[in-house]
Amino acid sequence: MFQIPRGTRDFTSEEMQKRRYVENSMRSTFQTFGYREIQTPIFENLELFTAKSGEGIIDEIYSFNDKGGRNLALRPELTAPTIRMYVEKLQMEPKPLKLFYFGNCFRYDRPQKGRYREFTQAGCEIIGVDSPEAYAELIAMGYKVLENSGLKKIELNIGNLSVLSAMFDVIKLPKDKRKYMVPLIDKSQFEDVLLALQDFGIKPKDASEFLEILETTDLKKIKEYVKADKTAKDELSKLENIIDLLKTSFDIKNPKLKMSIVRGLDYYTGVVFEIEAPELGAEKQLCGGGAYDLIGLFGGRNTPTAGFAIGFDRTILALETEKYKFPSLDLDAYVIPYDEKMLDKSLEITKNLRKKGKTVDLDLMRRGIGKSLKYARSINAKNAIIVAPKELENDSVTIKDMITGKQEIVKIKNIFQKFK
Ligand code: AMP
């Protein structure tokens, strides 16, 4: 028999119910912040992603030649497609431009819990503004998107890549060596960071001082460490401002400073942030984002940009771990004709309830009341409407509450009222 491809998933109707519920909640949070939804194609020219991330990315993505010989790739993320669309079509739009999206992404990752080859991201980009309040709003929105989906245990960490660069400058680590440090710092493997720095010829004292700054949450200490670098000092003041705004104006309780957030050193420029669900273990990162430069690289006129991507699948996993009670997909009613003669009336009642937006199903198998009630229970119908000759003489039906088992006779014209 055929099997599902490695790293992909089928979603049952129960899972889809959860996914759509969370998606709708996220969508409405984005909208309350004034963001507008866009959609881009599932495949793009491969070059879009190699331009952003280098040729190395080819090993990590699904790329192929189409019948016309074009080099294409299934999108591994949605920032590059969004910026491609911006440069192609939206540069003249009034600023700031606030865009959000949902989309499935594809990576040739090694599958494990929370890491798939096909997964979904929810994300956004804000283009044309770089005030502290713009960043604070962006970061707060990332937090609220997750919080409003129902998550309780999430942690927000904020860093800054110009400051990290300045920290590398302090210890005089050559630029070409910095990329080797990224994965170690990113995974907080601080002992390995120390060893690697020493391998690169950094004095043990300098290396451990660097490490101390990497781990501290004390902004003053970091400021003192990079004081020779004006850009870094300015960025730190901005960071301080952003963190204050998050607490005072956006009700984010505990934003933490974390200089070891690296993301990508190539195109991220200043503020970076991550939101984690610590209970998820290894794949705990739910959201990552920050300020970056891609527009120039893609041939557009440079303007500040920032954004984030949320791992949608991991958000669902985190909600399940927190035992979040998702609303269930109960049917309002299941309509049961007593016999074939009652079919027309049953169809009519069903039609009228559906017209008014109620979720209604009816017996399509002519299998009688006993079996139909059993089926109604198995599909979680809240009520059964039994259409039988005796009650119909009085334009009535029997409504059975499937939860309490109580039955009552209700006039047909009052059925809708009953379900309100
Ligand atoms: P990134 O674009 O790598 O910064 O990823 C943004 C978010 O997408 C991460 O924080 C994860 O939550 C999620 N994510 C990344 N890769 C995967 C994957 N292979 N499977 C599931 N979620 C992923």
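General observations
- Qualifying residue in segment 243-266 (condition: within 15 Å of the ligand (Cβ to nearest atom) and of a type in the set (Val, Ile, Thr)): yes
- Scanning segment 294-314 turns up one or more residues that are more than 15 Å from the chain's Cα centre (by Cα), within 14 Å of the ligand (Cβ to nearest atom) and surrounded by 15 or more Cβ atoms within 10 Å (Cβ to Cβ).
- Condition met for Leu317 (within 16 Å of the ligand (Cβ to nearest atom), in contact (Cβ under 8 Å) with a residue 40 or more places away in the chain and surrounded by fewer than 23 Cβ atoms within 10 Å (Cβ to Cβ)): yes
- The one condition in (1) surrounded by 18 or more Cβ atoms within 10 Å (Cβ to Cβ); (2) more than 44 Å from the chain's Cα centre (by Cα) that Ile415 fails to fulfil: (2)
- Qualifying residues in segment 112-157 (those that are away from the ligand (no atom under 16 Å from the Cβ) and among the polar types (S, T, N, Q)) - the one nearest to Thr321 (Cα to Cα): Asn148
Yes or no, residue by residue, for (1) in contact (Cβ under 8 Å) with a residue 24 or more places away in the chain; (2) touching an Asp or Glu at 6+ places or on another chain (Cβ under 7 Å); (3) aromatic (Phe, Trp, Tyr):
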{"position": "Lys325", "(1), (2), (3)": "no, no, no"}
{"position": "Ile336", "(1), (2), (3)": "yes, yes, no"}
{"position": "Asp344", "(1), (2), (3)": "no, no, no"}
{"position": "Lys351", "(1), (2), (3)": "no, no, no"}
{"position": "Gly357", "(1), (2), (3)": "no, no, no"}
{"position": "Asp361", "(1), (2), (3)": "yes, no, no"}
{"position": "Lys371", "(1), (2), (3)": "no, no, no"}
{"position": "Lys374", "(1), (2), (3)": "no, no, no"}
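- The one condition from (1) away from the ligand (no atom under 12 Å from the Cβ); (2) crowded, with 20+ Cβ neighbours inside 10 Å that Arg70 does not meet is (2).
- The residue pairs whose first member lies in segment 58-78 and is within 17 Å of Gly311 (Cα to Cα), whose second member is part of a helix (DSSP H, G or I) and within 11 Å of the ligand (Cβ to nearest atom), and whose beta carbons are closer than 8 Å, counting only pairs six or more residues apart or on different chains, are Pro76/Glu60.
Let's see how each residue does on (1) among the charged types (D, E, K, R); (2) in a helix (DSSP H, G or I):
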| residue | (1), (2) |
| --- | --- |
| Gln17 | no, yes |
| Arg27 | yes, yes |
| Phe30 | no, yes |
| Gly34 | no, no |
| Glu44 | yes, no |
| Ala51 | no, yes |
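- Given (1) at pLDDT 95 or above; (2) acidic (Asp, Glu); (3) within 16 Å of the ligand (Cβ to nearest atom), number of the condition Asp109 does not satisfy: (1)
- When segment 98-114 is filtered for residues that are under 23 Å from Leu46 (Cα atoms), of a type outside the set (A, V, I, L, M, F, W, C) and in a strand (DSSP E or B), the ones remaining, listed by number, are Tyr101, Gly103, Asn104.
- Scan of segment 144-162 for residues that are in contact with a Leu (Cβ under 6 Å, 6 or more places away or on another chain), outside any strand (DSSP E or B) and within 19 Å of Met259 (Cα to Cα), ordered by number: Ile154
- There is at least one residue in segment 73-84 that is aliphatic (A, V, I, L, M) and in a strand (DSSP E or B).
The values are calculated or read from the model by the stated rules, or taken from the named source; none is laboratory data. Keep in mind that this is a model prediction, so the values were computed, not measured. Because the Cβ atoms are built from the backbone with ideal geometry, glycine has one as well, and the counts that use them run over all protein chains shown.
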